[in-house]
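Data block below; observations after.
Read-outs throughout are calculated quantities, based only on the coordinates presented, and are distinct from any laboratory measurement. Model, not experiment: these values are computed from the prediction. Quick reminder, even Gly has a Cβ in these numbers, built from the backbone with ideal geometry, and neighbours come from all protein chains shown.
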Amino acid sequence: MTISFSGCNSDNSSNSHMTDKPAALSPAVSHPHYPYYPSYRLEDLCDKEIDWKDIKIYVHIEDSKILWDYKQYRAEIFGHVRDFFRENLIDCRIVYSQEKLSPFQSSNEFGVEILDSDVRMRERFAFLLTGINFDPNETKLLLERKGYAATRAGVTLINGGLEEFKEMIKSGDMSIKEVEDQYPGTYRGTTVRRYLFKGYAANICHELGHCMTLAHPGKLSSLVSDYEAETPNLMSYQNPVFSKKNSIGYCLTPLQQKLIHSFIAGGNNYRAFLYSERDLDIYLESVAQENKLSAE
Ligand SMILES: [Zn+2]
């Protein structure tokens with residue numbers, strides 16, 4: 001399939017005079033096309049209402065038998081992803097892609113690549129960011145993570161599959177059926193399978209949260225904490241607590257909702273992120289500075 005990555009946020013019109021720039025002089029990666037320094041004040045970053053918005057998520061599941069469950073149950077897993085966003089008034093369309101993804105350049109399109117190992121995740125991370133002065137050696141940091149957000153590309157990379165079965169599936173020592181038979185029971189009030197798949201979905205949503213500027217609780221002088229009442233925050237590392245309102249067991253605070261709604265609508269938060277070269281650390285430092293918060 002062919003994917004069009006043309007941006008569809010409505011804020012590009014004022015920059016049309018810049019499009020005549022010779023290609024050779026264009027920066028390799030999306031350069032902030034807002035020439036002025038944007039406001040990073042939290043109240044300015046929350047400039048859009050929390051009402052229904054649409055996003056599109058392109059999904060590529062790597063061809064690997066380790067990822068059999070992502071392939072076989074993708075509707076169920078990404079159904080949980082959609083449920084989470086719907087709970088936050090975001091309607092999300094999932095588009096499956098046979099092709100690997102390319103960087104996205106708009107405020108409401110994102111990518112998710114499901115890969116079969118941390119090494120593959122590292123390789124894809126380096127590849128997606130090539131051309132922006134990236135030192136591939138730094139990708140060592142990614143080892144042993146279950147996911148990583150290539151925020152500059154708007155793509156979330158997931159180290160898919162169940163770690164404890166990976167080697168045996170790869171070697172053929174265990175059939176898929178044997179793996180499935182390992183989790184027929186129930187756990188924490190749901191089936192083991194559903195618990196796992198909601199966990200997969202939460203991992204994906206967490207990394208997409210980073211792509212939309214969300215930080216871990218504790219950052220920015222702990223503006224966001226690990227829990228809201230009983231429910232853990234999506235950006236925390238806590239175990240899920242399922243409820244009708246929080247189907248995958250995690251929530252967002254009103255501040256986080258405002259930030260992502262501004263982002264998706266191409267509002268001030270999106271502009272500030274572009275100005276930060278879509279780098280979460282640079283963005284967070286500016287937010288910390290301008291709001292007199294600690295970045296850590
Ligand atoms: Zn994270």
Neighbour net charge for D44 - beta-carbon separation under 12 angstrom, K R +1, D E -1: +1
HN-Hα J in Hz across region 69-74 - Karplus 6.51, -1.76, 1.60, θ = phi - 60°, x for Gly and Pro: 6, 4, 6, 5, 10, 4
Residue list for region 90-130, given a label point 7 angstrom along the Cα-to-Cβ vector of T190 and an amide N cut-off under 20 Å: 90-94
Amide H within-cut-off set for D47, under 5 Å, with H built and near neighbours excluded: N268, N269
Segment D47-S175, extension gain: residue separation times 0.36 nm, minus the distance between their alpha carbons: 40.9 nm
Per-pair calculated FRET efficiency, R0 = 30 Å: Y37 and Q72 via Cβ, rounded to 0.05: 0.05
Relative contact order for region 46-290, counting Cα pairs under 8 Å that sit 6 or more residues apart, in percent: 23
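Filter the cross-link list K56/K166; K177/K244; K56/K100; K53/K146 down to pairs whose alpha-carbon distance in this structure exceeds 26 Å.
On the way: K56/K166 30 Å; K177/K244 32 Å; K56/K100 16 Å; K53/K146 28 Å.
K56/K166; K177/K244; K53/K146, as the Cα separations exceed 26 Å there.
Roughly how many debye, to the nearest 20, is the charge dipole of region 205-296 about its Cα centre, given +1 on each Lys and Arg Cβ, -1 on each Asp and Glu Cβ, and no other charges? Could the numbers behind the result be given before it?
Values: 7 positive and 10 negative charges, 76 e Å.
For this selection, approximately 360 debye.
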Radius 12 Å from Cβ of L252, net charge of other residues (Lys, Arg +1; Asp, Glu -1): 0
Using a Förster distance of 30 Å, the FRET efficiency for S222-D83 (Cβ separation, nearest 0.05): 0.60
For region 166-296: span of alpha carbons on each principal axis (Å, largest first): 54, 35, 28
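Provide the packing ranking of 268-276, 180-188, i.e. peptides ordered by the mean count of other C-beta atoms within 10 Å per residue, highest first.
268-276, 180-188
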Rg followed by Dmax, in Å, when region 46-290 is reduced to its Cα trace: 17.7, 56
Residues in region 215-242 that a label on L293 would reach, taking backbone N under 15 Å of a point 7 Å out along Cα→Cβ: 215-227, 234-236
